[in-house]
Amino acid sequence: MDLKFLVVDDSVTMRRIVINSLKNLGYTSYVEATDGKDALAKLAADSSINFVITDWNMPNMTGLELSQAIRGDANLSKLPILMVTTRGVKEDIVQALAIKVNNYVVKPFTPQVLKEKLDAILANL
Amino acid sequence: MSNSISNMNQVFDKLKDLKTIFKLGEKVIPIIQNLIQFMGEIVPLLETINKSISDSTQKIPQATNQINDVTSATELATTEILDLVDETSNQLMEVDKVIGEIKERDKQANEKFDELVNKLNGDETLVKLINEYKELKDNGSNIDSISETMQKINDNSYKITLSLQVQDITSQQLSAVNHLIESVNDKLTTMVQEIDHSDIKQDFEHISASIPQGVSFDANAKYDPGHDRQDKVDEIVSENQEKATQEDIDKLFS
């Protein structure tokens, strides 16, 4: 399966780190978005995107709102979503899972953890 | 006659009341005087407090701007570091490619040597000489060592990249501080306006803290590179992944 990632984070640093990690794992196809709204626009413009990696805390539209919007859209609802965030308290994790985020990674992450979560999600698709 | 006595009694009663009032007045007047004196002293004090709060509040936008500047500066510096790390990685890849080519040429050269040795028809002196030359020319172990070192440099560069996640985490912490300052600013502004509605209000109309709107941050963000946090997350994920229902979602967003 050819994967095209949408990497959503308001921090340019984090986007680059996630993309570098994806490249190290052999994934070279990606699109970047700076917040949830931008991500929805990118998803609307590019139907080949088939994996979303999103931060939670972002201006305009948070990662949680983005995930909710994706799950509520008939065309996008099946997209796998990996949340990569600093938020590590139980309530947040449960909240993310409640809207069917596929998996959850806390920052700072290691490439091993990212790989594990990606593999776990892809294995269940 | 009885009416006159009754009227007189009423007059005496009224006089007694008056006397009581005068006595009370004697006691109250010093208190009122003290109160007036106290008010006279407290008003300048309130004005001083008012001025002090006003001055402090005017400095708050400067503080928030400085915090925003710190965030921008660290992001810029981080980007520069990432650029350099990327450049180093690309250069290492180029060197690795060249080393691969050298290894391939060495392999071909060794094949030629073997071919040459076979064509020497057992001339021991020439075979010995050729083998000595081959040994001197063989850089295989050195090249492997260089490749290993380069791989380590590449791994360390990547680790530097990962450590730069600290920039995102600290920027969220700074956003949380800015949010706190903004809240204090709002409270102080309201307080000063209540103390002196007319003058200070005008002062505050000129003050505007440039705090970005719609900012979302995690006040509890922390840089903890250990595995414990992710382990806890994984535990919660496995406990809850199957449990969330539409009812839970509605409850969370209601």
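The values are calculated or read from the model by the stated rules, or taken from the named source; none is laboratory data. Everything numeric in this text was worked out from a predicted model, so none of it was measured. Reconstructed Cβ throughout: ideal geometry from the backbone, glycine too, with neighbour counts over all protein chains shown. Side chains included, ligands, DNA and RNA excluded: accessible areas come from the protein's heavy atoms. Shrake-Rupley method; radii C 1.70, N 1.55, O 1.52, S 1.80 Å.
Would you mind getting me the FRET efficiency between B:LEU45 and B:VAL70? Use the beta-carbon distance for r and R0 = 41 Å, nearest 0.05.
It comes out at approximately 0.65.
Taking Cβ atoms as reference points and 12 Å as the exclusive limit, the residues near A:THR13 contribute a net charge of -4, counting Lys and Arg as +1 and Asp and Glu as -1. Given their separation in residues at 0.36 nm each and the Cα-Cα distance between them, B:HIS179 and B:GLU101 gain 22.4 nm when the chain is fully extended. Shape class for segment A:48-125, computed from the alpha carbon gyration tensor (a ≥ b ≥ c): oblate, with a/c not under 1.5 and a/b at or below b/c. Here the label points at B:THR149 and A:ASP2, each 7 Å from Cα along the C-beta direction, are separated by 4.1 nm in the simple model.
Simple point charges give the picture: +1 on the Cβ of Lys and Arg, -1 on the Cβ of Asp and Glu, and for the protein assembly as shown a dipole about the Cα centre of about 1280 debye. A cut-off under 13 angstrom between Cβ atoms defines the neighbours of B:ILE181, and their net charge, with Lys, Arg +1 and Asp, Glu -1, is 0. With every protein chain present, what accessible area does B:VAL215 have (1.4 Å probe, heavy atoms only), rounded to the nearest 10 Å²? Roll a 1.4 Å probe over it and B:VAL215 shows about 60 Å². Placing unit charges on the Cβ atoms only, positive for Lys and Arg and negative for Asp and Glu, gives chain B a dipole magnitude near 1860 debye about its Cα centre.
For A:VAL105, the residues whose amide H sits under 5 Å from its own are A:MET83, A:VAL84, A:THR85, ignoring neighbours fewer than 5 places away on the same chain, with H placed 1.01 Å from N.
Net length available on complete extension from B:LYS112 to B:LEU84 is 5.9 nm, with 0.36 nm assigned per residue and the Cα-Cα distance removed.
Dipole of the protein assembly as shown computed with +1 at Lys/Arg Cβ and -1 at Asp/Glu Cβ about the Cα centre; of B:LEU164, A:VAL94, B:PHE113, farthest Cα towards the positive end is A:VAL94.
Our estimate of slack between B:GLU235 and B:ASP55, defined as 0.36 nm per intervening residue step minus the Cα-Cα distance, is 59.7 nm. With a simple spin-label model that places each label point 7 Å from the Cα along the Cα-to-Cβ direction, the separation between B:ASP224 and B:GLU26 comes to 7.4 nm. The lysine pair tally for segment B:1-120, using Cα distances under 27 Å and a gap of 8 or more places or different chains, is 10. Spin-label pair B:SER163-B:GLN91: with each label point 7 Å from Cα along the Cα-Cβ axis, the two points sit 1.9 nm from one another.
Reducing segment B:120-196 and segment A:40-79 to their Cα centroids gives an inter-centroid distance of 31 Å. Sorted largest first by accessible area at a 1.4 angstrom probe radius, with every protein chain in place, the residues B:PHE113, B:PHE22, B:PHE38 fall in the order B:PHE22, B:PHE38, B:PHE113. Within straight-line reach of A:LYS115, meaning a Cα separation under 18 Å, sit the following aspartates and glutamates at least 8 residues removed in sequence or on another chain: A:ASP2, A:ASP55, B:ASP155, B:ASP228, B:ASP231, B:ASP234, B:GLU235. Calculated [222 nm] ellipticity per residue, helices only, for chain A: -13000 deg cm²/dmol; basis is -39500 (n - 2.57) per DSSP H run with n ≥ 4, divided by all residues, nearest 500. Computed from the Cβ-Cβ distance with R0 of 51 Å, the FRET efficiency linking A:TYR27 to B:THR125 stands at 0.30. Accessible surface comparison of B:THR78, B:THR71, B:THR48, probe 1.4 Å, protein chains only, largest first: the order is B:THR48, B:THR71, B:THR78. Here the Karplus relation 6.51 cos²θ - 1.76 cosθ + 1.60, evaluated at θ = phi - 60°, turns the backbone of segment B:84-89 into coupling constants of 5, 5, 4, 4, 4, 4 Hz, with x for every Gly and Pro. Other residues whose C-beta falls under 14 angstrom from the C-beta of B:THR170 contribute a net charge of -3, scoring Lys and Arg +1 and Asp and Glu -1.
Exposure check, 1.4 Å probe, all protein chains in place: B:ARG229 carries approximately 40 Å² of accessible surface.
Note on B:ASP186: accessible area approximately 90 square angstrom, rounded to 10, probe 1.4 Å, nucleic acids and ligands left out. Taking every residue in B:157-168 and counting other chain Cβ atoms within 10 Å of its Cβ, the average works out to 5. Adding -39500 (n - 2.57) for every DSSP H run of four residues or longer, then dividing by how many residues chain B holds, sets the calculated 222 nm ellipticity at -31000 deg cm²/dmol.
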